[in-house]
Structure formats: C-alpha cells, structure tokens
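The values are calculated or read from the model by the stated rules, or taken from the named source; none is laboratory data. Quick caveat, the model's predicted, so the values are computed rather than measured. Don't worry about glycine lacking a Cβ; one is built from the backbone with ideal geometry, like all the others, and counts go over all protein chains shown.
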Amino acid sequence: MITGLWKTIAVARKELRQIRRDRRTLLILLFVPAFFLLIYGYALNFDIRHVRLALQDNDRSAVSRELVSAFVNSGYFDLVGEAPNPQSIDDLLDRGDARAVLVIPVRFGADVAAGRQTLVQFLVDGDNANTATTVVGYAMGLVNAQSQRYELQARIGSPAGPILNVEPRVWYNPELRSTLFLVPGLIAYIAMLTAVVSTALSIVREKEAGTMEQVRMSPIGPVPYVLGKTAPYFVVSLISSMSIVVAAIILFDMPMRGSWLVLVGIVSLFLVGALAFGLLISSIADSQQVAFQVVLLTSFLPTLMLSGFIFPIASMPTFLQVVTRIVPARYFLVALRGIVLKGVGPADFLPDVIALVIYAVVILALASVRVRRQWA
Amino acid sequence: MGLTRLAHIVRKEFLELRQDPRLFGIVIIAPIIQLTMLGYAATTDVRNVPLVVVDQDVSSESRELVSRFDASPSFEVIDGLSSTDDVDRYLNTGKAWMALDIPQGYGEQIRAGRPTTVQVVADGTDANSTNVALGYASTLVASYARELASPSGQPQAPLVSAEVRVWFNPQLESKDFMIPGILALLLLVVTTNLSSMSIVREKELGTLEQLNVTPIARWELIVGKMLPYAFIGIIDVLLVVFVALLWFEVPLRGSFLLLFVMSVVYLMTTLGLGLFVSTISATQQQAMMTASFFFLIPMVFLSGFVFPIENMPAAIQPVTYLIPLRYFLVILRGIFLKGVGLEVLWPDALALFGWGVAILVLATLRSSKRLA
C-alpha cells in the first residue's frame, strides 16, 4: 500500500515535470480559461441592439416621422439609409447593408388621423433566424405601442391602458445577463479540455513513443501508474475551474450564492468521470491523431452543443433530448448553476448528482477493465 | 520532374492514411454524425418552456387564461399549485422555468372590466431563453387583453398593424442558418487538426531528417502533404452538402458549382493553417492544442457562427476580419439562403483567397527555415 503510494507519487512527479517542460501546453491551459472568460464577459451575447434599419417613407408626414423616430429612439434600431424604390430594398438586404426595412405607405398620416385602419410593412433578413425573431418582436411591440397611442387619441374616454397586464419578475439573474448563464458552462468546458484531452494524449504519447513498454516492464503496477498519470491533471483542472469562478466574481460581479465546499465537491466528481473517460479513450486509440479526433467527437462537441451550455435542451427534438442524457456535462451544469446562481444545496439537484456518480463509476469500471487487459 | 516528386509525396501520405483505418473511418463518418447532431441541437428557438400555474382565483376566467398558455407551443403547463410558496421548489430544482401567478379576485375584476395584473415569475439563469419566453408571455397576454377589451369579444384589429415579411428564411428556422455554418465548422475542425499533425509527426519520428536529404523542395513537401487532406476535405464537403440538402432540406438557392469552388478555396485556408501550426510545433500534442485552442475555438466564437458579429463591442469587431471562417460563413449563407453569386460575394471571396495564399506562403517559409 505504502510502496504503491510512493510509486504513484513518482509517476506524478515525472508527469508534472513533463507538463512544466512543455511551456506551450502550460500556456494554453492558462490562456484558454482567461480567453473564454473575457470573450464571454465582454464580446459574446445574444442581446440584440443597433439593428441596421433602412427606411422607405412614401408618406413623409408628421405621423410617419413620428413612427420612424419611435424606432430610432427605442435603441434597438439604427437608421442606415433610405430605400427609394423596391429594387434598392433588394440590394440592401442582399448585400447585408440593412437587416430590416420599414416601408410606410402613402396616405399613412391621413389614414391614422381619420381613424382608418392601415398597414406598414416590415421586411427582415431572416438568415439568422434567432436575431430575426427578436427583431420582429421589437418591431411588433413598437408598432403596437404607437397604434395604441393613436387609438387613445382617436377615442378619448376609453379606458387608459389595456385591461390585463403582466408583471414579470425574474429570479436569480434579474438583469438577464447572458454572462451569468455562460460562465458555469465555461467551467464544464475547461474541465473537459484539461481532464479528457490531457489524460488521453499523455498516455497515448507513451504508447507512440514506445516508452509504454518500459513502464510496463518496470515494477510499477497499473493502478499506481494510472493514478500518478491522472493526479496532476486533476489538480490542474481543479485549479483552473476554481480560478474561473473567482475571476468571474471579481470581473463580472457573478454572485456565488451557494457553498464553496459543495462546489469543489461537484467539480471533483465531474473531473473523476472526465479523467476516467480520457483513460478509456487512451486505451482504445493507438495514435494521438486518433485519440484527439475521438475526444473531439465524444466529449468536446457534446459538451458544447448537447449540454445546455448554449442551446436549451427543452427546445431540442425528443430523440436528441434522450441523447443528452448520456452527456455528463448536462448534469454538471444543472448542479453548477444551482450552486452559483440559485444558491441551492445538493438536495435540490440530487438526481443530477446521482447521474454524475453513475457516470463516473461506469466509465471508471470500463476504463480499468480495458487498461488491465492491455497491461497484461 | 517536380511533378513526379510531388506525386510520390502524395502517394506516401495516402499510404500512411490507409495504415490507420480507424482514422479514415473517423474522417468520413464523423462529419455525418456531427451534422445530424448539431443540425438538431444548434437551435436557439425557445419552445416547450415548462410552466407552473398558481391559480388563486379558480374561476372560469382564470382557467381561460391558463388554457391560453397551455395551447401555445411556447409553453407547457406542467403543474398547478395552490400556493405561491411552492414556486420556490419548482424553480430551485429547475423543474419549471416559469410560474404564472393569478391573484385572488382576478375573475371578478375582469368581469367588472377593471384593469388587473397577473404575475409571471421566471428563472433568469438562461438569460437568453428567458428573455424570449417573457416576450412570448407578454404578447400572449396582450392579445388576450385585446379580446377581453373589445365589446364583441372578437379580437379587434389595431389601428396600425405591421405586416412582417421575412426574407431568405420565411419560417425563421434556425437550422437553415446553422447548417451552412456547421459545414464550415466541420471542415475547419477535421482538416486543420489532421494537417496540423502531418509535419510534426515526421519531426517526432525523426523521418523529417530523411526527407531533408532527399531532393524534395519545400513547396513540394507542403503541397504534397496538403493534397491528400484536401481530398478528404472535398469528400466531406460533398457528404455534408448532400445530407444538408436531402435530410435537413436546407434550400440551396445559389450555384452548386460556386459553393464547391469556394469550399476548395476555404480548404486551402484551413489546410494552410494546419500546416503552419505544424511548422511551429515540436510535438503532436502541442500541434493539436495550438490548433484547437489558439486558433479553432477563438475562430468559431468570433466568426459569427452562433453569436452575431454585430452584437460584439466595437473593439472586438475589427478582430473578426482576421478570421477566414467569417468570410466563408458570409459566402455559404449567401449561396444557400440568399441565392446570390460572386457579384455580391466577391469581396469575401477575395479576402478568403488572399488569406489562403498568405498562410500557405507563410507555412512554406517556416518549413524551409526548419529544414535548412
């Protein structure tokens, strides 16, 4: 037992030395979390502002100008130009110079003044379906609000405002900042990167270089070897995950509402599964090229796409929702967001903790069977 | 003479690729699996938001409001609660994203024609989806309020209404926007990663020294290394385009020939980038890490693949001009959805081509320094 421990430490020291010598890999392990944090904090968001709007005003009355200024003053639209004729609308949208065009018909002002129903046209470039949906929503809301003002002006004495109102209240993230949503996802991503990729590659490299034979010949058993190989990456991953949380709290005022102890526990649990998965891949692949492609396919892309990191799982088709159940990051994210944003304890996300435990145990068992068979 | 030497290198690379049948399988099958997964997953549409209802009024009016929510495809009423306190439990565990709280006396107020307010509580952790879902909720309530307010009980048309016409993607389907992007993403991931390891592997194995003493010129080595991967890339392009057209029914409104030619130009940039990474790396692990994490991931996020470039801060936007993926995405979406040709896309095509030539020259120069 004691000698096993010493052997483990010896392997871990060798691995640490190798990590330290490879400056660039170390740099990447440090650079990537920082890069992602900045990019998510500052550069990327789904909040749509400054939509390029072109105008075709066939009326040129005070009322039509009022509608246009309602668009501009909303802050959602920037007026980029005029489209004098239908052909120019084509050109503007084709070239992407404008994302939306507002067409106001002739006699618009006169119709409104007379209380006759009228129609403005709103053309949107739909190539980015998500942006377009939001833009359409903005436009409908603006036109609706203007319309209600005119209606009130037209028939004085009608009740002020609509009969039924909604009072929205947003919990956990009242300003609806996408950063707070994305940062926990980032932790899963980084953990996946450092844990799975590094473990898989570091073992396959020994296979490729032929040093695996030497290790097998030496008195180190499979268990100390695997433990010694994975321990440094466990520590590195844990540190980089935690530093993301700390940096997000300092830079972006991310709240940390739950318990740090639970957070460390959940991250460690996830890392055990991830390291075991890296081990499993290393036992299947014979070259680093293959190992890396397998990692990309089986853990990298699913963590990005199928975990609820960016795209909501509830909106996916049913069969794909079933597939997301074998992606460990899915459970990890529920737990992380629960701890960090909601301040809830393990009791509230117990099913997710159980799923993570099952994942870790199953993958660990599979990996140890494969590694033992190869060792013998 | 140069051509026969080139052919030898290409043959050697193909032989090496064939030696690893697993790699070959991955390169061909993986894109199809990924496209199918991502084509379905990469949607930012918001549907089936799980909703709980706290109906403190229990009148026919309140039931009518709840049934409006239930009938909408955006919401799914999963439970009815008797007390507002129970909402905590549902939002904390994430079982529900939203709660609709109808106060006592709601039905009476509506019958009397007095304005009244219902409360919607939302879980803000997924800021984007919540924003969209809140919009749906208030639109739904507003149109219901219109119906209630009009004397005939019929929805009354507003004085001014907007006629919305969506171009290029009238159904506003995410997949039509995402799938051309996924084609670009897959090519980048597969070809750049593979080629980034090609020269470095020879370095690691020591065979680069042997190549060095043969009369092979630098550019012959680079081009010879590139061609087999270009071949794989072209197969991937064809596979992915066919799956996109036949399975996902993404419209291809522009010219297939132009799409193909531009894909080849794009492959030049991705392979050139991979080879460049190969020349600046000492080990395969380094090459992979450098390619993926210094180049691929930043490119994917800053190219406009998911996050629109217009939403980025002004300081970041110029950086996106350095990314070849950005130009290819404009070209792909232009050809697929807008059906435009080179007359509109030439600036992007030119930028992409220039990028490809530059990175290949850079890779050749680097490799000659290394080999000399």
Any hit, the range B:339-346, residues being away from every other protein chain (no Cβ under 11 Å), closer than 30 Å to B:Ile216 by Cα and either more than 20 Å from the chain's Cα centre (by Cα) or in contact (Cβ under 8 Å) with a residue 12 or more places away in the chain (or both): no
Do any helices (runs of 4 or more DSSP H) entirely within the range A:249-307 hold 3 or more residues that are under 18 Å from A:Val236 (Cβ atoms) and of a type outside the set (S, T, N, Q), and if so, which? A:260-284
Which members of the range B:90-107 meet the condition of being assigned to a helix (DSSP H, G or I) and either without any contact (Cβ under 8 Å) to a residue 12 or more places away in the chain or within 20 Å of B:Arg47 (Cα to Cα) (or both)? B:Tyr90, B:Leu91, B:Asn92, B:Thr93
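Identify all residues within the range A:338-369 that are surrounded by fewer than 16 Cβ atoms within 10 Å (Cβ to Cβ) and away from chain B (no Cβ under 11 Å); write none if there are none.
Taking the range A:338-369 first, the residues surrounded by fewer than 16 Cβ atoms within 10 Å (Cβ to Cβ) are A:343, A:345, A:347, A:350-351, A:354, A:357-358, A:361-362, A:365-366, A:369.
Hits for the range A:338-369 are A:Ile354, A:Val357, A:Ile358, A:Val361, A:Val362, A:Ala365, A:Leu366, A:Val369.
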Filter the range B:255-282 for residues that are polar (S, T, N, Q) and closer than 14 Å to B:Asp236 by Cα; which is surrounded by the fewest Cβ atoms within 10 Å (Cβ to Cβ)? B:Ser263
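Yes/no per residue for (1) over 29 Å from the mean Cα position of the chain (by Cα); (2) surrounded by fewer than 17 Cβ atoms within 10 Å (Cβ to Cβ); (3) in contact (Cβ under 8 Å) with a residue 12 or more places away in the chain; (4) closer than 30 Å to B:Leu332 by Cα:
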position: A:Val101; (1), (2), (3), (4): yes, no, yes, yes
position: A:Gly109; (1), (2), (3), (4): yes, no, yes, no
position: A:Gln117; (1), (2), (3), (4): yes, yes, no, no
position: A:Asn128; (1), (2), (3), (4): no, no, no, yes
position: A:Gly137; (1), (2), (3), (4): no, no, no, yes
position: A:Gly141; (1), (2), (3), (4): no, no, no, no
When A:Thr303 is evaluated against the numbered criteria (1) over 22 Å from A:Lys14 (Cα atoms); (2) surrounded by fewer than 24 Cβ atoms within 10 Å (Cβ to Cβ), which criterion, by number, is the only one it fails? (2)
Would a scan of the range A:337-344 turn up a residue that is closer than 22 Å to A:Ser241 by Cβ and within 15 Å of the chain's Cα centre (by Cα)? yes
Could you tell me which of the residues A:Ala335, A:Ala291 is surrounded by 24 or more Cβ atoms within 10 Å (Cβ to Cβ) and closer than 26 Å to A:Gly210 by Cα? A:Ala291
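If you take the residues of the range A:71-99 that are of a type in the set (Val, Ile, Thr) and part of a helix (DSSP H, G or I), which of them is farthest from the chain's Cα centre (by Cα)?
Applying the first criterion (of a type in the set (Val, Ile, Thr)) to the range A:71-99 yields A:72, A:80, A:89.
Subset that is part of a helix (DSSP H, G or I): A:72, A:89.
Working: A:Val72: 31, A:Ile89: 35 Å.
Residue satisfying both the conditions and the ranking: A:Ile89.
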Over the range B:88-98, the set of residues more than 9 Å from chain A (Cβ to nearest Cβ) and crowded, with 20+ Cβ neighbours inside 10 Å is B:Tyr90, B:Ala96, B:Met98
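Given the residues B:Tyr321, B:Tyr327, which is the only one that is without any contact (Cβ under 8 Å) to a residue 60 or more places away in the chain, within 16 Å of the chain's Cα centre (by Cα) and assigned to a helix (DSSP H, G or I)? Give the steps one after another, and end with the answer.
Values: B:Tyr321 fails: within 16 Å of the chain's Cα centre (by Cα).
The unique qualifying residue is B:Tyr327.
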Would you mention how many residues in the range A:48-70 are in a helix (DSSP H, G or I) and either away from chain B (no Cβ under 12 Å) or on the phi > 0 side of the Ramachandran plot (or both)? 4
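Return the residues of the range A:94-128 that are small (Gly, Ala, Ser) and either more than 10 Å from every other protein chain (Cβ to nearest Cβ) or touching a strand residue (DSSP E or B) at 6+ places or on another chain (Cβ under 9 Å) (or both); say none if nothing qualifies. Give the steps one after another, and end with the answer.
Step one: filter the range A:94-128 for residues small (Gly, Ala, Ser), giving A:96, A:98, A:100, A:109-110, A:113-115, A:126.
Correct list: A:Gly96, A:Ala98, A:Ala100, A:Gly109, A:Ala110, A:Ala113, A:Ala114, A:Gly126.
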For A:Ala195, only one of the following conditions fails: (1) within 28 Å of A:Met256 (Cβ to Cβ); (2) surrounded by fewer than 20 Cβ atoms within 10 Å (Cβ to Cβ); (3) of a type in the set (A, V, I, L, M). What is its number? (2)
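The rows are residues; the columns are (1) at pLDDT below 80; (2) surrounded by fewer than 20 Cβ atoms within 10 Å (Cβ to Cβ); (3) more than 7 Å from chain A (Cβ to nearest Cβ); (4) on the phi > 0 side of the Ramachandran plot.
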residue	(1), (2), (3), (4)
B:Asp126	yes, no, no, no
B:Ser129	yes, no, no, no
B:Ala137	no, no, no, no
B:Ser143	yes, yes, yes, no
B:Arg146	yes, yes, yes, no
B:Pro151	yes, yes, yes, no
B:Gln156	yes, yes, yes, no
B:Val166	yes, no, no, no
Check whether at least one residue in the range A:323-334 is modelled with pLDDT of 90 or more, hydroxyl-bearing (Ser, Thr, Tyr) and assigned by TED's automatic domain parsing to the domain that holds A:Thr194, and report yes or no. yes
First in the range A:243-260 and assigned by TED's automatic domain parsing to the domain that holds A:Leu182, second anywhere and surrounded by 16 or more Cβ atoms within 10 Å (Cβ to Cβ) and part of a loop (DSSP other than H, G, I, E, B), Cβ under 7 Å, 6 or more apart: A:Ala248/A:Met254; A:Gly258/A:Val344
Hey, A:Arg205 of a type in the set (D, E, K, R), surrounded by 19 or more Cβ atoms within 10 Å (Cβ to Cβ) and modelled with pLDDT of 70 or more or not: yes
Report, by residue number, each residue of the range B:178-233 that is under 23 Å from A:Gln288 (Cβ atoms) and acidic (Asp, Glu). B:Glu202, B:Glu204, B:Glu209
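When only residues in the range B:1-23 that are part of a helix (DSSP H, G or I) and within 14 Å of chain A (Cβ to nearest Cβ) count, which is modelled with the highest pLDDT?
Here is the first cut: in the range B:1-23, the ones part of a helix (DSSP H, G or I) are B:2-19, B:21-23.
Now narrow it down to the ones that are within 14 Å of chain A (Cβ to nearest Cβ): B:13, B:16-19, B:21-23.
Working: B:Glu13: 79, B:Glu16: 76, B:Leu17: 74, B:Arg18: 74, B:Gln19: 73, B:Pro21: 71, B:Arg22: 69, B:Leu23: 69.
By that ranking, first place goes to B:Glu13.
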